[in-house]
Amino acid sequence: MTTVASSASRAAEILSRPITLNGLTVPNRIAMAPMTRMFSPGGVPGEDVRSYYARRAAAGVGLIVTEGTYVGHDSAGQSDRVPRFHGEEQLAGWARVADAVHAAGGTIVPQLWHIGMVRQQGQPPFADAPAVGPSGLRIDGTEGSGRAMTQTDLDDVIGAFAEAAAAAERAGFDGVELHGAHGYLVDQFLWAGTNRRTDAYGGDPVSRTRFAAEIAAAVRANVSADFPVIFRFSQWKQEAYDARLAETPEQLEAILAPLAAAGVDAFHASTRRYWLPEFDGSDLNLAGWTKKLTGKPTITVGSVGLDGDFIGAFMGQGSPVQGIDNLLDRMEREEFDMVAVGRALLQDPEWAAKVLAGRFDELQPYDAVSLKSLS
Ligand SMILES: Cc1cc2nc3c(=O)[nH]c(=O)nc-3n(C[C@H](O)[C@H](O)[C@H](O)COP(=O)(O)O)c2cc1C
């Protein structure tokens with residue numbers, strides 16, 4: 001029977017192993033999941049944002065994936081409080097964030113983001129910019145106020161991602177993550193529900209992946225060969241939790257293979273509950289399938305450490321499926337390589353240090369109040 005002591009020593013041993021993503025060695029297996037916070041007025045991450053990330057790096061998070069940050073295209077976003085990854089002041093703010101995380105012993109990549117048809121027209125920072133997407137459709141299938149992207153739009157957005165990646169390397173970041181998940185622009189291309197194009201960017205899964213693969217290739221070409229490029233994707237969408245990009249491993253492979261070929265070094269497979277099998281007939285989750293199909297390092301995510309079940313499992317209570325031993329078993333089998341933690345790390349900056357040291361009794365249950373501050 002698993003005891004608290006054996007879980008503690010396994011957690012320390014398995015999660016403390018370094019991992020290599022292209023030229024980057026991450027000191028352990030714990031990543032901070034990207035979380036939009038809207039604490040950056042004018043798109044500039046300030047001192048509070050810097051210390052928020054540095055605190056988590058100092059407390060043992062091996063890799064910080066920043067909140068989604070807009071690439072330099074007027075249509076990329078719709079909040080003046082979401083940090084931007086373009087503009088002198090904004091990039092200077094980000095460089096200070098990267099320095100602080102490094103000083104605390106961590107590594108950090110920005111998550112590069114374009115929201116596509118999620119945008120409501122008339123919103124800052126560039127109120128006049130239209131919402132754009134593959135076919136001018138929102139996730140719910142309605143047209144909203146946007147339009148289908150022209151070839152010029154596609155080229156501009158691909159260029160904006162490539163420029164942001166180069167800016168990340170110049171600013172001292174350790175790599176980049178491309179946001180291809182959750183129903184935002186890149187995912188709107190991947191998903192047949194929003195991509196009705198009849199040109200080279202629409203149709204079968206490989207064609208729907210073309211835009212994402214062109215972004216990955218342009219990013220790859222604009223940074224050093226050993227600079228890691230991570231691609232985050234999901235089956236689920238905001239406002240469509242049951243949506244799926246791939247019903248079978250073959251369909252998933254059709255999406256992932258062109259991305260790997262374009263130069264993606266690692267995948268971040270976003271699920272809402274990491275313990276759920278992705279396809280019938282196997283226990284593998286989405287990250288597990290991704291690693292099996294591509295051979296690339298993968299990051300899993302989804303309700304790790306979130307509720308009483310995770311903490312209770314340490315204490316011999318709660319659901320073992322959602323407990324740490326399930327996670328550690330899967331990591332030991334090399335189903336995936338890293339685990340990203342979102343809300344539990346919002347709640348408790350010390351979460352990683354506590355888990356790595358086996359101080360399970362000090363873990364705090366998540367409370368949505370933590371969304372309101374940058375503590
Ligand atoms: C407040 C909040 C903001 C988020 N913002 C982003 C984001 O900018 N980019 C992204 O890819 N995912 C975002 N997510 C999803 C998280 O990265 C993560 O996948 C999700 O919270 C599940 O992990 P968890 O159960 O450990 O919280 C956000 C989640 C939360 C709670």
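Summary of values
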item: Contact order normalised by residue count of the stretch 29-148, Cα under 8 Å, 6+ apart, percent; result: 27
item: Convex hull of the chain built on C-alpha atoms - directionally averaged projected area, nm²; result: 16.7
item: Percent carbon-and-sulfur accessible area, the chain, ignoring ligands, DNA and RNA, probe 1.4 Å; result: 50
item: Charge context of Gly183, other residues only, Cβ under 15 angstrom, K/R +1, D/E -1; result: +3
item: Asp99-Asp329 FRET efficiency (beta carbon distance; Förster radius 30 Å; 0.05 resolution); result: 0.20
item: Contour excess over end-to-end distance, with Cα ends at Arg273 and Ser145 and 0.36 nm allotted per residue; result: 42.7 nm
item: Linear extension gain, Asp226 paired with Gln120, 0.36 nm per residue minus alpha-carbon span; result: 34.4 nm
item: Net charge of Cβ neighbours under 12 Å - reference Ala167; Lys, Arg +1; Asp, Glu -1; result: -1
item: Rounded FRET efficiency, nearest 0.05, which uses the C-beta distance separating Glu47 from Glu88 and R0 of 25 Å; result: 0.90
item: Filtered trypsin sites (Lys or Arg not before Pro), the stretch 164-267: DSSP coil and at most 14 other beta carbons within 10 Å; result: Arg196
item: Environment charge at Gly23 (Cβ cut-off 15 Å; Lys +1, Arg +1, Asp -1, Glu -1); result: -2
item: Qualifying trypsin sites (Lys or Arg not before Pro) for the stretch 252-299 [loop in DSSP, other Cβ within 10 Å: at most 14]; result: Arg272, Arg273
item: Fraction of antiparallel bridges per DSSP, the chain only, in percent to nearest 5; result: 10
item: Per residue accessible area of the stretch 81-149, 1.4 Å probe, in Å²; result: 39
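The values are calculated or read from the model by the stated rules, or taken from the named source; none is laboratory data. Everything numeric here is computed off the predicted structure, so don't read it as measured data. Using ideal geometry, Cβ is built from the backbone for each residue, glycine included, and neighbour counts are taken over all protein chains shown. Side chains included, ligands, DNA and RNA excluded: accessible areas come from the protein's heavy atoms. Shrake-Rupley method; radii C 1.70, N 1.55, O 1.52, S 1.80 Å.
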